[in-house]
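The values are calculated or read from the model by the stated rules, or taken from the named source; none is laboratory data. For clarity, every value in this text was computed on a predicted model and none was experimentally measured. Backbone-built Cβ (ideal geometry, glycine too); neighbour counts: all protein chains shown.
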Amino acid sequence: MANEHPHRVAAAHGHPPPNVKLYIAIFGALIFLTILTVVVSWWHLPPAGAIAVALLIASFKASLVLAFFMHLKGEHKLIIAFLGIMLFTCIGFFLIPLDQHLLRDRTTHTEVKEEGGAPELPQAEPAKPQEAK
Amino acid sequence: MSSPSDIAAWQEPALTSSGVPNAKLGIWLFLASEVMLFSTLFTSYVVLRLGAASWPRGWVALNVPLAMVNTIVLITSSVTMVLAYAKVIEKDLSGFRKYMMATIGLAFLFLIFKSFEYGSHFTHHEYPSTSIFHAVYFTMTGLHCIHVIGGIIVNTGLLFMANEQFDHPLFAGRVEGAGLYWHFVDIVWIFLFPCIYLI
């Protein structure tokens, strides 16, 4: 049917018509990045660097899937807003434990600095000798 | 057979107060709740890992090559899923069947590889109760596997539904919703793979 042209049908669902060549190119990029993630893990980077690189590559891969396979690129603003709130909440979830961890370290450090050493344990008062009646 | 009003609905964007088709909005809200679920698990992983005296490297404790193959399998299934949706848009039933069957087949392949991995752990007497690392590993990958099984059920349902409802005005939206869910399952694995296996 002429009225059911793929471009019109795709437009009815709120995103551009399918682009098979683009999907194959994204597929190639995802495979390349997967292999890159594994190769980087062989380098035995320091923990902080390894985590940063691995999460950076994973985030880039996820953004490719979101933008092109899930058609988020050019999606309605309402859905983008939902995802923004979701992302904000997720970052909050991650910051809560990290904040607790950093706060604990800072508190311990401050106590040691102020006391000039390990905090002393409270000592029990010496027992008063009982007077003989 | 679609009525003229159905065809009109098929051609024009669904008019809702939000401006987004209700089913699509519902799927995105569902995915948002799923992100919350997995992000709490990832947060628990961070807390447990930061508090642990030692944490085994994935290369030592897990089968990284098999997990990498599984990552490629899942990414490939994401591509076949989006191609299945493209075939729905092009009104190509046989093409839709081909790509949807490929998606389901790849999902089964993922589970088969995963069962080999789990089987190897059980053979070595490694269970969720063995250590905190194993508890985190089995919980996160196990929950992901449950989501893969859910995707297989939905996609198989759509494959059978296509026999009679391929021309239904709502069918493309259903495939789009299933595709969004399947890509989400792929994204979860994209983060699980480096966090559990590589870092």
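Out of B:132, B:152, report the one residue that is modelled with pLDDT under 95, over 20 Å from residue A:23 (Cβ atoms) and out of contact with any Gly (no Cβ under 7 Å at 6 or more places or on another chain).
Details: B:152 fails: modelled with pLDDT under 95.
Exactly one residue qualifies, and that residue is B:132.
When residue B:65 is tested against the conditions (1) over 30 Å from residue A:85 (Cβ atoms); (2) at pLDDT below 90; (3) exposed (fewer than 15 other Cβ atoms within 10 Å of the Cβ), the lone failure is (2). Against the list (1) free of Cβ contacts under 8 Å to residues at least 40 places away in the same chain; (2) more than 8 Å from chain A (Cβ to nearest Cβ), the condition residue B:45 fails is (1). Could you list all residues from region A:18-74 that are at the interface with chain B (Cβ under 10 Å from one of its Cβ atoms) and aromatic (Phe, Trp, Tyr)? Residues satisfying the conditions are A:23, A:27, A:42, A:60, A:68, A:69. Checked against (1) modelled with pLDDT of 90 or more; (2) exposed (fewer than 13 other Cβ atoms within 10 Å of the Cβ); (3) at the interface with chain B (Cβ under 10 Å from one of its Cβ atoms), residue A:95 passes all but condition (1).
Please tell me if residue B:162 is buried (at least 18 other Cβ atoms within 10 Å of the Cβ) and away from chain A (no Cβ under 14 Å). Please lay out each step first, then the result.
Numbers: buried (at least 18 other Cβ atoms within 10 Å of the Cβ): yes; away from chain A (no Cβ under 14 Å): yes.
Judged against the criteria, residue B:162 is a match.
Report, by residue number, each residue of region A:31-76 that is charged (D, E, K, R) and in a helix (DSSP H, G or I). Passing the criteria: only A:61.
When the helices (runs of 4 or more DSSP H) confined to region B:18-108 are screened for residues that are under 21 Å from the mean Cα position of the chain (by Cα) and not hydroxyl-bearing (Ser, Thr, Tyr), those reaching at least 1 such residues are found at B:22-51, B:64-89.
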